[in-house]
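A short worksheet on the structure shown next.
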Ligand SMILES: [Zn+2]
C-alpha cells in the first residue's frame, strides 16, 4: 500500500475545471492571472462540500463518485458564477498589477 496522504478530491477536480473553463473560448476576456485563477478556485471551494481522502484507493473511488455528469454540471455552474464574481471585484486590477 502507498503512503497515506491528505487531499481534498473536490479541490483537485475544481482546480482542473477552473483552468479548463477559464482558458476556453467563452472566458477569453476575463483576467487569467494566477491571482484571479486561485481566487476563483477559492470562491468555488467555499461553496462546495469538501471530500477528503487519505489513501490512493479512496481517492480513486472519490474521483469516480464526484465525476458523475450531474456533479460536474453542478460544479461548472458554480465555477461560472465565481468567474463572474471575481471578474467584478474592485480590487481585481490592483491585485493583478501587483502580481505582474
Ligand atoms: Zn487577474
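The values are calculated or read from the model by the stated rules, or taken from the named source; none is laboratory data. Remember, it's a predicted structure, so these values are computed and weren't measured experimentally. Please note: Cβ atoms are built from the backbone with ideal geometry, for glycine as well, and neighbour counts cover all protein chains shown.
Couple of notes before you dig in:
- For the range 54-65, the criterion of being modelled with pLDDT of 95 or more and assigned to a loop (DSSP other than H, G, I, E, B) is satisfied by at least one residue.
- Among the residues of the range 61-80, those that are more than 12 Å from the chain's Cα centre (by Cα) and surrounded by 14 or more Cβ atoms within 10 Å (Cβ to Cβ) comprise 62, 63, 66, 71.
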